[in-house]
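What follows is a single structure, written as structure tokens, with notes after it.
The values are calculated or read from the model by the stated rules, or taken from the named source; none is laboratory data. What you see is a predicted model; the values in this text were computed from it and never measured. Note that we place each Cβ from the backbone using ideal geometry, even for glycine, and neighbour counts take in every protein chain shown. When the accessible area is computed, the model is the full protein with side chains, heavy atoms only, and any ligands, DNA or RNA have been set aside. Shrake-Rupley method; radii C 1.70, N 1.55, O 1.52, S 1.80 Å.
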Amino acid sequence: MNCLDEGIIQSYIDGELSDKEMSDVAMHISSCKHCLAQLKQQEERKNTLLDIMQNANDKVEVPAFNVPVQVVEIPLRRSRVWMKVSAACVFLILLLTTYQSQDKEQKEIFFYPEWQDQVDANLPITQQSFTITYTESSVN
Amino acid sequence: MTQFETVYQMYYQGLHRAAQQMLSNKEEAGDVVQEVFVSLYNRMQSHSAEINNVKSWLYRAVMNKCIDAGRSQKNIQSLEGVSVVAEDINIDDNNYQTKILQAALQSLNEKERMMVVLYSQGLSYKEIAETAEVNFTSVGKTLSRSLKKLETLLKHQKHELLG
């Protein structure tokens, strides 16, 4: 077996190899001074660094969790009675409006111009005389 | 106690610590974690799509928010190959170790930082892979590289800050 790479040694230290790989590595290390030295170095590095990292920061108290405010959509509860009353009101308004418009008398006015003399096209209209009559009739 | 309250009590501190390490800012970390719990609460209330692994979901949500927030942060400027200088990293905190760690973490790229932070919170490789959206088989290798890089950066930052 060739010498182990650092990744395998690291995985061995962390116990992240399969059972077979663990026993293979252990067997190799027992007979290889170079890999044993490497293992010790990496093990020492791991312990030192983890010790520094785990003790570096102050202990943090767990604060109370503030439940986030949620916007809840409340469904509108429409009463069926109110819907019926509303529909009836709309119908009544429409009915009354139609009735009132029918009740009003509508008239039509017609204007008829009647020229007194013959029209002179060269004269302005203000100097000519004509009468306007109008008739009134009911539309309904 | 409701299911939500149980989850809240169980994961709040770990998520807050992870967010703080991602952002180097305690207040902002608190806001991020609160926002994530609000969205979890709303999700649980509306009975929308079921969450298979709440822990992974929470960490992924926090990490994504931290990355978004981190990109808009102006107080931290990463200079290629040079130490990070954050003007207001826990200015009231006398803990140099924290300052050094925060500066070193900010020098890692987003993926590396995320994986190291998740690893330090005790997540399994499977959970790390799910949260960081990386291949499960590459977790060990990426972690070993990232830890090595972080170790070097810590030494460098220690030298920079303490002289």
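If we scan the range B:30-47, do we find a residue that is out of contact with any His (no Cβ under 7 Å at 6 or more places or on another chain), without any contact (Cβ under 8 Å) to a residue 12 or more places away in the chain and closer than 30 Å to B:Ala103 by Cβ?
So far as the range B:30-47 goes, yes, one or more of its residues are out of contact with any His (no Cβ under 7 Å at 6 or more places or on another chain), without any contact (Cβ under 8 Å) to a residue 12 or more places away in the chain and closer than 30 Å to B:Ala103 by Cβ.
Of all the residues that make up the range A:28-53, how many are in contact (Cβ under 8 Å) with a residue 12 or more places away in the chain and open to solvent by 50 Å² or more (accessible area, probe 1.4 Å)?
2
Considering only residues that are facing another protein chain (nearest Cβ under 9 Å) and among the small types (Gly, Ala, Ser), look in the range B:7-37 and name the one that is surrounded by the most Cβ atoms within 10 Å (Cβ to Cβ).
Once the filter is applied, the top-ranked residue is B:Ala29.
So, in the range A:5-21, of the ones that are open to solvent by 50 Å² or more (accessible area, probe 1.4 Å) and more than 8 Å from chain B (Cβ to nearest Cβ), which residue ends up farthest from B:Gly122 (Cα to Cα)?
A:Lys20
Can we say B:Glu112 is open to solvent by less than 40 Å² (accessible area, probe 1.4 Å), modelled with pLDDT of 90 or more and away from chain A (no Cβ under 11 Å)?
Judged against the criteria, B:Glu112 is a match.
Anything in the range B:127-155 that is of a type in the set (Asp, Glu) and either outside any helix (DSSP H, G or I) or within 10 Å of another protein chain (Cβ to nearest Cβ) (or both)? List them, or say none.
B:Glu133, B:Glu151
Within the range B:153-160, is there a residue that is modelled with pLDDT of 95 or more and either of a type in the set (S, T, N, Q) or within 21 Å of B:Asp68 (Cβ to Cβ) (or both)?
No, the range B:153-160 contains no residue that is modelled with pLDDT of 95 or more and either of a type in the set (S, T, N, Q) or within 21 Å of B:Asp68 (Cβ to Cβ) (or both).
Return the only residue of A:Thr98, A:Thr135, A:Thr131 being on the phi < 0 side of the Ramachandran plot, β-branched (Val, Ile, Thr) and at pLDDT below 80.
A:Thr98
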